[in-house]
Amino acid sequence: MEEFKSSTLGRVTVYSIQGCPHCLQAKATLGRLGVPVCDVDVGRHPELRARVKALTGRTSVPQIFFNNIHVGGNDDLQKMAPEELQRLVTLVKKEPLPADAPPLPEESQAEDVAGDTDGEFMCEKDELADLVEDLKHGNVIGTHRRGLTLFKKSFSCDQLVDWLQREKGMAAELSLLVRELILKLFSEHLSADGKSVDYKAMSVNPAFERYCELAIQLQRVELLSLSREEKLAFFINIYNALVIHGYLRLGAPTNMWQRYRFFNYVSYLIGGEVFTLQDIENGVLRGNRKGVAQLLRPFSKTDPRLQVALPDAEPLIHFALNCGAKGCPPIKTYTPEDIDSQLRTAAEAFLENDDACLVDSGKKEVRLSQIFKWYKADFGGTDEKLLNWVLEHMGDSPKKTSLQGVLSAGKTKVSFLPYDWSSNSSH
């Protein structure tokens, strides 16, 4: 679907990211319309994010254009009246692409040309290609024996980790590899409509065994030397990977008791210590605060893991760990170099969704996701501070203008929207 060639014909442009169920559902719907669809992965082309945000006023994906007409996200597409959709389909089929059509990646970035000039379309360069080049030059990739079998162009997990410790910021690179590998697996087993994941098939994919071998190497990570930014990126990536790994091993939790068990039981051994999902979220990323239904802080004063905890809660982590909204942030894997702006982008994308934040100017009421209720302390502790935090972290939009109006009128009512806990497993 993704071929970045200029064309005089019309087209539908979809800005998406790998592993986004809303993006997949939108592309499945568009694929049935019989129009040319150009899919641009803004995870691989971050240089386009600012342009897309300027064109749409939104930070979430997918964002869909018919020629130069912005339709919105997947929810907007699914709710569109059939006659309006047909009008846009006819427009794309009959009208040439206008000059102000939404941008595609530059050809030099979209193609890995490698000196060929025969005009043949080349595959897009993978985001981990540079890392593979480093591994080749570092003599990590080579021929290895396992039992009686020789494997060419391979490396062992031990070799990889030794190289990472020697050459790279071990924790950040390893968390990125772990997250990218499980995200690729997840994407391969996500249904075409984005509504379900075949976890059973995913668990027998040979790549899952490689993932497990890599996850074991987390034991060797040195956590105490990490900066705040490295800690944030590392633990967010690991948390998101561990949730999928937990679903694969135990199945997705379906009731409150199973969820409690899942988040308090599913764990990785990292740097010699056990970290459950609960420990990562509430112990490390929330600065050792009590979680939902917890009577005690995750780490006691003598717990060695307390040294790893952030000095205070980082409220933005809630939008990187949870995607209970109808549009995803345009980031799936986090990096220490850009972590703060990535987290702000995730918060903006979350707040764009009406199932995360809804402003009713007539009733002077703001309805927010349960996340803001469960973790109210992280957002200031009072309704007033919470609303001001939300306002400060919204992108410029009509919704933000409405919220400003409601807040300036005073006596704003705050209520909380129901949270959709439904599982996305196809088994």
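Here, each number is a calculation from the coordinates, and none is a lab measurement. Model, not experiment: these values are computed from the prediction. Neighbour counts are summed over all protein chains in view; Cβ atoms, including those assigned to glycine, are modelled from backbone coordinates with ideal geometry.
The calculated FRET efficiency for S203 paired with K364, based on their beta-carbon distance and R0 = 51 Å, is about 0.55. Between T302 and K413, the contour length at 0.36 nm per residue exceeds the alpha carbon distance by 35.7 nm.
Given R₀ = 56 Å, what would the calculated FRET efficiency be for K94 paired with D312, taking r from the Cβ atoms and rounding to 0.05? Approximately 0.45, to the nearest 0.05. Label-to-label distance, E84 versus D396, with points set 7 angstrom from Cα along the beta-carbon direction: 2.5 nm. Lysine pair count for the stretch 273-392 (Cα-Cα distance under 16 Å; residues 8 or more apart in sequence or on different chains): 5. Both radii come from the Cα set of the stretch 12-110: Rg as radius of gyration, Rh as Kirkwood radius; their ratio Rg/Rh reads 0.94. Averaging 1/r over every pair of different alpha carbons in the stretch 315-427 and inverting the result gives a Kirkwood radius of 14.7 Å. Inter-label distance, S225 to A192: 5.0 nm, where each label sits 7 Å from its Cα along the C-beta direction. For R249 and N388, the difference between the fully extended length at 0.36 nm per residue and the C-alpha to C-alpha distance is 46.0 nm. Each of the peptides 272-281, 238-247, 90-99, 70-79 was scored by the mean count of other Cβ atoms within 10 Å over its residues; in descending order, highest first, they stand as 238-247, 272-281, 70-79, 90-99. For the peptides 310-321, 355-366, 291-302, residues were scored by their other Cβ atoms within 10 Å and the scores averaged per peptide; the highest-first order is 310-321, 355-366, 291-302. Going by a ≥ b ≥ c, the root eigenvalues of the Cα gyration tensor, does the stretch 264-387 fall in the rounded group (a/c under 1.5), the prolate group (a/b larger than b/c) or the oblate group? In terms of gyration-tensor shape, prolate. With θ taken as phi - 60° and the Karplus curve 6.51 cos²θ - 1.76 cosθ + 1.60 applied, the whole-hertz 3J(HN,Hα) list for the stretch 13-18 is 10, 10, 8, 9, 9, 5 Hz, x standing for glycine and proline.
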